[in-house]
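Comments concern the structure below.
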């Protein structure tokens, strides 16, 4: 067997595998005899059919299977032994494949296209400046958070007349062009959430209503998108486009959110039983928890910003045309060229970042040990118990739960990937120059979703 690699350019190459009968005949004959021993051929006792008959009926299939195994082994061995860093998997090349007659006396040559990972130097230093944003926790932000808690743990109470923050429950009836209820038309009992109505004229119409009042509404203006409208009218989502008329809406009940009082019951629900004893302590605890949450958010934004900085700095090239062909041929679900072109840039950036991340891990000998994986998993489970208001079990039970989680190979991979990712960005955070910037929560949210 002869395996060669021909360079097309810095990012593309062809691997050629040449096989002669001497390379594959022994395995071929062995497989042929196995077929002879096991195949039931009419008119012959098991194992007594002529080899020529087996060869005529199954020879090409056996030869193809053996050649395929040898080619795959040869490809993997070549890539491993020569430390060839490929992207995607080798693709068969008709142009570089030469096959004569499919028999055990023929020479074969198979060609495969490969996409090569770009070679690059990664030098991270304090010359690389990355913005690091922290969120300013001012009194207004704390007030807003506490206000959200009083709403979240509040109760809905019935009221006589609707206002802009109310929920109105009633009956929808489809109308015809003359404003009359359509016989056998759409009928549904549902709720209109006035705060979510964006059309000013419609919102004004919904304020000041009382039980049994009747108004005419456009269902699209009192819902948030097709899925919400379908749920509101109790129809299927694919039927939404067929609804073009207005609806009569008759009020049956109006409810208003009554905020929870700032008392011990609310404190216990939000921060845990008996953690705080009064409003001052509650406010301090909310501020502390917000600061912790914002640290995580700051880290997430730093990760996005740092990766953007390095992607721009390195400006890596990929074997784009090869990768597009590979995606088209190997994608689990059919994909059109239009879809591919639309999504390819995002895929390419993810692949480039994976190359950068792997480079950082290799050059800095970053490792994640199984004990770290177990400790991280332990923390996840303890947090889950806390979310449900339950104490963590004793160490032996917790250890069993950890081991159970890590027996799932996908879960194990996800945790390893997460810990490697954290270590990579911890390395970057220590080695780049952080340009510290303090911004408000609103500015932070806007910035986060812009990036």
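So the values come out like this:
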{"item": "In the range 318-331, the residues that are surrounded by fewer than 13 Cβ atoms within 10 Å (Cβ to Cβ) and either assigned to a helix (DSSP H, G or I) or modelled with pLDDT of 95 or more (or both)", "result": "321, 329, 330"}
{"item": "Those residues of the range 216-244 which are touching a strand residue (DSSP E or B) at 6+ places or on another chain (Cβ under 7 Å) and surrounded by fewer than 16 Cβ atoms within 10 Å (Cβ to Cβ), in sequence order", "result": "216, 234"}
{"item": "For residue 357: the one exception among (1) exposed (fewer than 15 other Cβ atoms within 10 Å of the Cβ); (2) at pLDDT 95 or above; (3) in contact with a helix residue (DSSP H, G or I) (Cβ under 7 Å, 6 or more places away or on another chain)", "result": "(1)"}
{"item": "Odd one out for residue 392 among (1) surrounded by 12 or more Cβ atoms within 10 Å (Cβ to Cβ); (2) touching a residue at least 12 places away in the same chain (Cβ under 8 Å); (3) more than 23 Å from the chain's Cα centre (by Cα); (4) not in a helix (DSSP H, G or I)", "result": "(2)"}
{"item": "Tally of residues being surrounded by fewer than 16 Cβ atoms within 10 Å (Cβ to Cβ), without any contact (Cβ under 8 Å) to a residue 60 or more places away in the chain and either in a strand (DSSP E or B) or over 30 Å from the mean Cα position of the chain (by Cα) (or both) across the range 81-99", "result": "8"}
{"item": "Any hit, the range 203-211, residues being under 38 Å from the mean Cα position of the chain (by Cα), part of a helix (DSSP H, G or I), assigned by TED's automatic domain parsing to the domain that holds residue 184 and over 20 Å from residue 169 (Cβ atoms)", "result": "no"}
{"item": "Number of the exception - residue 430 against (1) crowded, with 16+ Cβ neighbours inside 10 Å; (2) without any contact (Cβ under 8 Å) to a residue 40 or more places away in the chain", "result": "(1)"}
{"item": "Test: residue in the range 157-175 that is surrounded by 11 or more Cβ atoms within 10 Å (Cβ to Cβ) and part of a helix (DSSP H, G or I)", "result": "no"}
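The values are calculated or read from the model by the stated rules, or taken from the named source; none is laboratory data. These numbers were taken from a predicted model, which means no experiment stands behind them. Ideal geometry is used to build each Cβ from the backbone, glycine not excepted, and the neighbour counts take in all protein chains shown.
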